[in-house]
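Remarks on the structure that follows.
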Amino acid sequence: MTQPLTPATVRGIELRRIAMPLVSPFRTSFGVETERDILLVRATVDVDGTLIEGWGECVALGEPTYSAEYVDGAQHVLVSHLLPTVMAASRPIDATEIATMLGHFHGHPMAKAAVEMAVLDAQLHAAGRSFAEHINATKTSIPSGVSVGIHASIDDLLTTVQSYVDDGYVRIKLKIEPGSDIDHVGAVRDLIGPDMPLQVDANTAYQRTDGAHLARLDEFDMLLIEQPLAETDIIGHARLADEVATPICLDESLVSAAGTADAIDLGACEIANIKPGRVGGYLEAIRIHDLCVARNIPVWCGGMIETGIGRAANAGLAALPGFTLPGDISASTRFYARDIVTDPITVVDGHVSVPTTPGLGFEIDHDVLESVTTSTQAI
Ligand code: SMG
Ligand code: MG
């Protein structure tokens, strides 16, 4: 971190729900997303007598399918437990203190991360500093990968993948599940050729006994297999790592820095997908980055179908030097016809620019935001 930021007194919070239709259905092993129901946190804080606004995005999905959190539950825990605690602080606070202040509440990392994000955005605005600069990130642009949903037909899958290759994405990630795996991956490898980086994500769809089956993916020379087994099955992933040559990457299983260190030490995590929402915030995400660098574990930044708010923040995070693999930070248009920020994320020559403006790096387009808002709640 650079110089500490001036602490902030939280004066008010607005929770805003928005409905964002996806440009096409996104199917994973746990379900199909067609519209994103997103909770935004707008914090009004006082920094040295000046009122400043900051925004956070909660990445919880509509249903508890990716993880236990879901958007209605996140809003409830924020209103009933998390926000009253943060707003009861008797002195100005720093975003880095929020995780500790909320530490006695079990779980709910995505809800906690959204509060931390909003306060951090406001503090960075007050300091006139960009997120990337604040965390001493080194890159000015990051390579952009794209996550491709499960397709019923291989022909349709190849059409979709070709369109993303044409858009310039430098890495393809395919969602897989039993029955839509070996043939799908083989056909895509044939299409994109041997040199294009390729990886798969099972979102916990396989069993410990699937080692021999998953080893059939080795011939496609992929970067990694993401989260084949249940999120709690660290030992199962370690055993799989012995059976399968393709590196095992964890997503859902990694919920803290301490747990990530254990998973690495047990041989279950050869590559790490870092998502700030999943681990309770950007500051815990940086700790995970740092420990992975110290242990020589490559990391990349995951995605949760964020708006331009979350995408901008993720791009700042992924500018840290340990993010050596392309992440799931794609263009806003990958999922949304119209983003809620004035400067949607774009991919140019396969790369996304790291924001340099003060704050997390976006400006809200208030007209678009109003048009997609389904409810607001003032705290
Ligand atoms: O934002 O590009 C994105 C989505 C990337 O595949 C993606 N995310 O398990 O990594 C993952 C999934 C979780 C969300 S799927 C609805
Ligand atoms: Mg994943």
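The values are calculated or read from the model by the stated rules, or taken from the named source; none is laboratory data. Fair warning: this is a prediction, and the values are worked out from it, not measured in the lab. Counting neighbours? That spans all protein chains shown, and the Cβs are built from the backbone with ideal geometry, glycine included. Accessible surface areas use protein heavy atoms only, side chains included; no ligands, DNA or RNA. Shrake-Rupley method; radii C 1.70, N 1.55, O 1.52, S 1.80 Å.
One table, with the values for the structure above:
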| quantity | calculated |
| --- | --- |
| Tally of residues being open to solvent by less than 20 Å² (accessible area, probe 1.4 Å) and away from ligand 1 (no atom under 12 Å from the Cβ) across the stretch 291-307 | 2 |
| Residue that is least open to solvent (accessible area, probe 1.4 Å), among those in the stretch 356-379 that are assigned to a helix (DSSP H, G or I) and farther than 25 Å from Val79 by Cβ | Val368 |
| Which numbered condition Leu217 misses (of (1) touching a residue at least 24 places away in the same chain (Cβ under 8 Å); (2) within 24 Å of Arg311 (Cβ to Cβ); (3) away from ligand 1 (no atom under 15 Å from the Cβ)) | (2) |
| Matching strands (runs of 3 or more DSSP E) fully within the stretch 1-84 where at least 1 residues are within 16 Å of ligand 1 (Cβ to nearest atom), at positive phi and not assigned by TED's automatic domain parsing to the domain that holds Val146 | 31-47 |
| Residue list for the stretch 164-185, filter: farther than 27 Å from Thr324 by Cβ and either touching a helix residue (DSSP H, G or I) at 6+ places or on another chain (Cβ under 6 Å) or open to solvent by 20 Å² or more (accessible area, probe 1.4 Å) (or both) | Glu177, Pro178, Gly179, Ile182, Asp183 |
| Pairs with Cβ under 8 Å, 6+ apart, first in the stretch 234-246 and open to solvent by 40 Å² or more (accessible area, probe 1.4 Å), second at pLDDT 95 or above and in a loop (DSSP other than H, G, I, E, B) | Ile235/Leu266; Ile235/Ala268; Asp242/Gly267 |
| The stretch 308-355, subset among the aliphatic types (A, V, I, L, M) and not in a loop (DSSP other than H, G, I, E, B), residue surrounded by the fewest Cβ atoms within 10 Å (Cβ to Cβ) | Val348 |
| Ala137 in contact with a Cys (Cβ under 8 Å, 6 or more places away or on another chain), of a type outside the set (D, E, K, R) and touching a residue at least 60 places away in the same chain (Cβ under 8 Å) | no |
| Val188 vs. criteria β-branched (Val, Ile, Thr) and away from ligand 1 (no atom under 14 Å from the Cβ) | yes |
| Which listed residue is modelled with pLDDT under 95 and β-branched (Val, Ile, Thr), from Thr9, Thr2 | Thr2 |
| Residue in the stretch 260-270 that is open to solvent by 10 Å² or more (accessible area, probe 1.4 Å), within 16 Å of ligand 1 (Cβ to nearest atom) and under 27 Å from Arg189 (Cβ atoms) present | no |
| Among (1) within 16 Å of ligand 2 (Cβ to nearest atom); (2) out of contact with any helix residue (DSSP H, G or I) (no Cβ under 6 Å at 6 or more places or on another chain), the one test that Val146 misses | (2) |
| The stretch 85-103 - residue that is assigned to a loop (DSSP other than H, G, I, E, B) and in contact with a Leu (Cβ under 8 Å, 6 or more places away or on another chain) and, of those, most open to solvent (accessible area, probe 1.4 Å) | Asp94 |
